[in-house]
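One structure is given below, encoded as structure tokens.
Readers should treat all values here as calculations from the given coordinates under stated rules, not as data from a laboratory. Note that the structure is predicted; figures quoted are calculated from it, not measured. Here the Cβ positions follow ideal geometry from the backbone for every residue, glycine too, while neighbour counts run over all protein chains shown.
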Amino acid sequence: MAKNLKILLIISGGIAAYKSLELIRILKKNNIKVQVILTKGGEKFVTALSVAALSEEKVYQDLFSLKDETEMGHIRLSRENDLILVAPASANIIAHAAAGISNDLATTVLLASNKPIFFAPSMNVEMWNNPITQKNIKFLKDNNFNFIGPDSGDLACGETGDGRMSDLNTIYEYITSTIIKKKIKLNILVTAGPTYEVIDPVRYIGNKSSGKQGIEIAKAFHKLGANVKLVLGPCRESIPKDINTINIETAKDMYKEIKKINKIDVAICAAAVSDWSIDNPSNVKIKKNNKNKPKLNLSLNPDILEYISNRKNNRPKLVIGFAAETDNLIKNAKEKLSKKNCDWILANDISKNPEIFGGNNNTISLITKNNVDNWSTYSKKEVAEKLVNKVIENI
Ligand SMILES: Cc1cc2nc3c(=O)[nH]c(=O)nc-3n(C[C@H](O)[C@H](O)[C@H](O)COP(=O)(O)O)c2cc1C
């Protein structure tokens, strides 16, 4: 998920600097390019040789390097990376950053940067609690600098309290998810739930869709900071308040709402939209009458997936449909993909797994024009996360 990221890591002079060697390894293992600045303090704790060997990159230490500064190295280092991570962040480098002092390469890059900056502090508990450190941190936080940790516990100096550098996986998760947030300013349309086709004011024709899978997909994109619009048929699931949700009842309502949305980068049509609607629904409740049974005439509804897939000017970059089939799963899903002109179909065989409706798990085959990828059974939340990853890799 984090591939293609470039991180500038500043290792400053704290005892936790040795952990940053392992952090470089974790970042590299996840295909992240890491360039490192080692401060004067940092080089007392880890060697430039270890850093260079692990990062497989040149290590930067000198502000006044004749070679690097012919290309304005202190500017270039921030411009060519996606973010700057200071780990460990000493009390000293935090104080310099807060004061705008730039008397070495690391602090000059921090001051000249136009990229998100993350500090993972590590220091003695008294240094951490010192009102000067706390004032510096508050000032930096107020000015959009990010802080990860510190944790509380036994410290290298033998004392106990706040000041341990955060666990390396926490640092990794934090920076990768935040950068992804910034990377995917995507406009996502998700449809979910059933539609109800009105017979009279109390009766309708509906279907068994719970809306759970589509809602999990909307939540997974929302969590990453994407701009999500959820067009939702009637269902009992609770939706986080901050997801932009448009509630509809009928297929025609859904179609009308979607036509109003112009900018969609990715459309995921998970709703079970009724194929038919009832002509002339009654305005009053139809009375029970054996002699005069109501006759329901049906008309085809607009096909929403087909409409989105064939938009002329503003077709989304990726249109994803769902197919719930009781037989010939792959064949039917492939036909649907080509007939509707969408890009992917997530197909599930509802004959084998009746629990899919309303249940928490799903078994999906992801069908694209040239491939069929059979996923194992996952929770609907996991399916959503897998799908988000696939979308990000392909968009
Ligand atoms: C053995 C030793 C351990 C230190 N550990 C830390 C530490 O964990 N955190 C910290 O903020 N400073 C620590 N310091 C103090 C910094 O190394 C010192 O403030 C230095 O000027 C930081 O330089 P830099 O911020 O440019 O890397 C330590 C000093 C020594 C001698």
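Ordering I392, V46, V231 by the projection of their Cα atoms onto the charge dipole of the chain, which places +1 on the Cβ of Lys and Arg and -1 on the Cβ of Asp and Glu, puts V231 at the extreme positive end.
Paramagnetic label reach from D142 (point 7 Å along Cα→Cβ; backbone nitrogen cut-off under 18 Å): within region 88-132, residues 94-101, 130-132. About its Cα centre, the chain has a charge dipole of approximately 1860 debye under the convention of +1 per Lys or Arg Cβ and -1 per Asp or Glu Cβ, with nothing else charged.
Note on region 187-394: with charges restricted to the Cβ of Lys and Arg (+1) and Asp and Glu (-1), its dipole about the Cα centre is near 580 debye.
In terms of its alpha-carbon gyration tensor, the chain comes out prolate; a/c meets the 1.5 threshold, and the first ratio a/b outweighs b/c. Counting neighbouring beta carbons within 10 Å and listing from fewest to most, the residues C269, C157 come out as C157, C269. Using Cα centres only, tell me the gap between region 291-307 and region 82-119 in whole Å. Going from one Cα centre to the other spans 64 Å.
Amide H contacts of Y204 (H built 1.01 Å from N, in plane; Pro and chain starts excluded): I199 sit under 5 Å, all sequence-distant by 5 or more or on other chains.
Looking at region 179-318, the DSSP beta bridges with both ends there are about 25 percent antiparallel.
Per-residue Cβ neighbour counts within 10 Å put I268, I180, I84, I26 in the sequence I26, I180, I84, I268, beginning with the fewest. As a calculated quantity, the FRET efficiency between R311 and R25 at R0 = 35 Å, using C-beta atoms, amounts to about 0.15.
Computed on region 146-187, the Cα convex hull volume stands at 66 Å³ per residue. Dividing the summed helix terms, -39500 (n - 2.57) for each DSSP H run of n ≥ 4, by the number of residues in the chain produces a 222 nm estimate of -10000 deg cm²/dmol to the nearest 500. Amide H contacts for D162 (H built 1.01 Å from N in the peptide plane; partners 5 or more residues away or on another chain; cut-off under 5 Å): G153. Checking the Cα-Cα distances for K138/K263; K285/K334; K6/K386; K259/K288; K208/K386; K29/K381 against a 31 Å cut-off, the pairs over it are K138/K263; K285/K334; K259/K288. Annotation: peptides 210-222, 280-292, 166-178, ranked by per-residue average of other Cβ atoms within 10 Å with the highest first, follow the order 210-222, 166-178, 280-292.
In a simple Cβ point-charge model (Lys, Arg +1; Asp, Glu -1; nothing else charged), region 19-69 has a dipole of about 240 debye relative to its Cα centre.
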